Amino acid sequence: MSVIENICREYEVLIGLEEEMLIISKDGTLVAAADQLMEAAATLLNRDAERLERIMLKIRSLDPEPNQAQIEHVSLPIPISEVPSAIAEGRSLLLDSAKSVGYKIFVQSLHPLESNPHPMCGTHINVSTKPSGHEAMSPKEILAVYNHLWNHLPELIALSANTPIIQGETGAVSNRVLNSTVLKPNPFGKLQIPRHQPALVQDRYYGALRYSLKIGALEKEPTVIANTTGHRLRDITPRGPSTNISDDKEDSFTRNRVETRIFDNQRDPKRLVDLARVVGALAIEALCLLEKGSQTTEDRTHAVNRERAILDGINATFLHERNGSVIEIPAREQVLEMLNRTEIHRETLGAKLQTDLKSAKTEVEIKRPRLDVDYSNPEVERLRRRGKTIVSVRFGKIKNVSDIRSGKKYKISRGQTITGKLGIGLSLTYDESESTPGLVTDFKDVLMKNYLVVQSIRIPLNESDEIIAALSEDEYMMRQFFGADAFPYFF
C-alpha cells in the first residue's frame, strides 16, 4: 500500500464551508434584509419537517454579516463527498428565503457599483484531517497543513479570482482580496513549545493587548502560531484550541482545522466543489510529506506571487525558485503543476475534479470591461454632477406618484411645475442562473434614474420633463436669505 493510500485510509478529511452572499432587490440594488431572510428561513424550516431534518445534517446555521445586505450559510464539518449537497442545501435555503420576501441572491463577492469596497463577500473553506478514531488534528498536523496551503495561496487565488469590477470600473481580478481590510497576509506558521519556566505571554484582555505571567507549563502540547497577536481575520489561519487564536481558546479540540478565506464566490457551485476537493488533496499531500519526514519550507516568493495573483489571476506571471535561482513562470503553468501533482491524492479520496478547473480554467480569464451606464435623463444628470441639485421641473407627461411614508397617492398633471431636490437611483440588468432562477450570477448594464425629491415623494424624471431653473444648495440658501432679486435662477 502506498503512503498516499495509507494516509487516506488512516485520516478522515472533513470540509467546512462558509459562503457569504449579497441580498438584492428586483432592480439589482443592495437591500438591507438579512434579518427578514433569517425570519423567512425559520418559517420555511418550521413548515417543512422533512427539509429541516435533511438540512440539519449538512448546514450548521445562517449567520449575519456586518452589513445588513449580507448573509451566509455555514456548513458542518462534512466529508468531501457531501460538499455538493451541502452547497445545494445552503444556497437553496438562502434563495427560497429571499424569494419569499421579494428579493434575490447575488452570488459574486462584490456588487459592481455599491461595494466601495464594502460590503464584500467571499467563501471560506475549512479543512481538518484528523486520524480515524482520534478526536482532533494534532498541532504538528495543523502546522503541516497550514504551511502547505500557505505556500499554495497564490495558485488558489489565481484559480478562484472572480471580482474584476468595483464601483463600475475594471480593477484587479480579485478586488475583494485587494481591498479587504481583514484578509491581510498571515506569515508562515511555527510551533510554540510549552514553557517550563515563568514566562510573560501577550494576550487580549477585554479587547486590549495585555501580558499575563505563566508559571510552569500550562499547555500539554505545542501551540500553532501564525501571528503573535492571535488574530483570526487573515487570508489563511490555523484555527482551534491548539492555536493561539484567542477566539478559539474555549472551543473543543475537535474544532482544530485550517481556514482559507481568499476564495471569491463562484457562480457555478460545481466549481466551488472542485476548489474544496483541491484543498482536501493539498491537506493530504501535506500529511504525506509529514509522514515521510519532509519538512515544508517557506516559499520566499510567496508575497510577490500572492500580489500578482490578486492583480492578474490566472494570467499572472509568478516567481519560482529552481536550482538556487529565481525564474519567472506563468501562473497557469504553476497551477497546472499543482493540480496534476495532487491528482493522485484526489483520486484516492474519491474526489476527482468535475469541471474545467482541472485545466486551470477560471470563471474570469480576463479583466472584463466596465459596465455600460445609461441615464434616464442625460441633461438632468449633467446638472446633478455640476452640483445644481435644487431644480424646478415642468413635467411633460402625467405622473402618478405616492408618498413613501404615508402611502398617499398623488397625480402630477402635464405642464405642472414643481421645485425639489435631484436624487438618483440605480436599475441594473442582470443574468440569473438557468438552473436556479432568482440566483443572480452577473450584471450586464446600468440605468441611472433621476428623481425629483419633494419631502418623502420621489418623482421619476425622463426626457419629456424640462428643467426650467437650477441652483446649487448654497445658491438656494442665499436666495432664501436675501430674496429672489439678489440671487436669480440660472443654469
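The values are calculated or read from the model by the stated rules, or taken from the named source; none is laboratory data. Predicted model only: the values in this text are computed from it and were never measured. Virtual Cβ from ideal backbone geometry, glycine too; neighbours counted across all protein chains shown.
The set of residues in the stretch 376-398 that are outside any loop (DSSP other than H, G, I, E, B) and in contact with an Asp or Glu (Cβ under 9 Å, 6 or more places away or on another chain) comprises Pro378, Glu379, Val380, Ile390, Val393, Arg394. Each residue in the stretch 46-66 was checked for being touching a helix residue (DSSP H, G or I) at 6+ places or on another chain (Cβ under 8 Å) and in contact (Cβ under 8 Å) with a residue 24 or more places away in the chain, and 7 of them qualify.
Against the test of being touching a strand residue (DSSP E or B) at 6+ places or on another chain (Cβ under 7 Å) and either outside the structural domain of Ile157 (by TED's automatic domain parsing) or under 18 Å from Ala144 (Cβ atoms) (or both), the options Ser242, Ser246 yield a single qualifying residue, Ser242. Condition check for Leu290 on (1) touching a helix residue (DSSP H, G or I) at 6+ places or on another chain (Cβ under 7 Å); (2) crowded, with 24+ Cβ neighbours inside 10 Å; (3) over 22 Å from Ala86 (Cα atoms): one failure, at (2).
Across the stretch 128-143, a minimum of one residue is classified as surrounded by 17 or more Cβ atoms within 10 Å (Cβ to Cβ), within 23 Å of the chain's Cα centre (by Cα) and not in a loop (DSSP other than H, G, I, E, B). Consider the stretch 186-217 and keep the residues that are assigned to a loop (DSSP other than H, G, I, E, B) and under 34 Å from the mean Cα position of the chain (by Cα). The one that is modelled with the lowest pLDDT is Gly207. The combined condition, being under 34 Å from the mean Cα position of the chain (by Cα), in a helix (DSSP H, G or I), hydroxyl-bearing (Ser, Thr, Tyr) and under 30 Å from Gln334 (Cα atoms), is not fulfilled by Thr362. Tell me whether the stretch 340-350 contains one or more residues that are under 27 Å from Ile165 (Cβ atoms), assigned by TED's automatic domain parsing to the domain that holds Ile142 and surrounded by 16 or more Cβ atoms within 10 Å (Cβ to Cβ). No, because not a single residue in the stretch 340-350 is under 27 Å from Ile165 (Cβ atoms), assigned by TED's automatic domain parsing to the domain that holds Ile142 and surrounded by 16 or more Cβ atoms within 10 Å (Cβ to Cβ).
Among residues of the stretch 407-457 being in contact with a Leu (Cβ under 7 Å, 6 or more places away or on another chain) and in a loop (DSSP other than H, G, I, E, B), the one that is nearest to Leu471 (Cα to Cα) is Gly438. Filtering Ala283, Ala303, Ala276 for residues that are in a helix (DSSP H, G or I) and either over 19 Å from Glu343 (Cα atoms) or acidic (Asp, Glu) (or both) leaves a single hit, Ala303. Against the conditions (1) touching a strand residue (DSSP E or B) at 6+ places or on another chain (Cβ under 9 Å); (2) assigned to a loop (DSSP other than H, G, I, E, B), Pro66 satisfies every one except (1).
For Ala40, are the conditions met, namely being over 26 Å from Leu275 (Cα atoms), surrounded by 20 or more Cβ atoms within 10 Å (Cβ to Cβ) and touching a Ser or Thr at 6+ places or on another chain (Cβ under 8 Å)? Spelling it out, Ala40 is indeed over 26 Å from Leu275 (Cα atoms), surrounded by 20 or more Cβ atoms within 10 Å (Cβ to Cβ) and touching a Ser or Thr at 6+ places or on another chain (Cβ under 8 Å). Criterion first (part of a strand (DSSP E or B) and under 26 Å from the mean Cα position of the chain (by Cα)) does Thr260 satisfy it? Here the answer is yes, as Thr260 does meet what is asked. Regarding Gly415, is this residue modelled with pLDDT of 90 or more, outside the structural domain of Glu169 (by TED's automatic domain parsing), touching an Asp or Glu at 6+ places or on another chain (Cβ under 6 Å) and not aromatic (Phe, Trp, Tyr)? The answer is no for Gly415. Close Cβ contacts (under 9 Å, 6 or more residues apart or on different chains) running from residues in the stretch 453-476 that are over 16 Å from Gly396 (Cβ atoms) to residues that are acidic (Asp, Glu) comprise Gln455/Asp403; Ser456/Asp403; Ile457/Asp403.
Here is a check on your reading of the model: is Ser402 of a type in the set (Ser, Thr, Tyr), outside the structural domain of Arg267 (by TED's automatic domain parsing), closer than 30 Å to Arg267 by Cα and in contact with a strand residue (DSSP E or B) (Cβ under 6 Å, 6 or more places away or on another chain)? No.
The residues of the stretch 285-337 that are of a type in the set (A, V, I, L, M, F, W, C) and more than 26 Å from the chain's Cα centre (by Cα), listed by number, are Ala286, Leu287, Cys288, Leu289, Leu290, Leu319, Val326, Ile327, Ile329.
The sole residue among Glu328, Glu337 that is in contact with a strand residue (DSSP E or B) (Cβ under 8 Å, 6 or more places away or on another chain), modelled with pLDDT of 95 or more and over 29 Å from Ser92 (Cα atoms) is Glu328. Can you pull out the residues in the stretch 80-121 that are touching a helix residue (DSSP H, G or I) at 6+ places or on another chain (Cβ under 6 Å), assigned to a loop (DSSP other than H, G, I, E, B) and crowded, with 24+ Cβ neighbours inside 10 Å? Within the stretch 80-121, just Ser109 meets the criteria.
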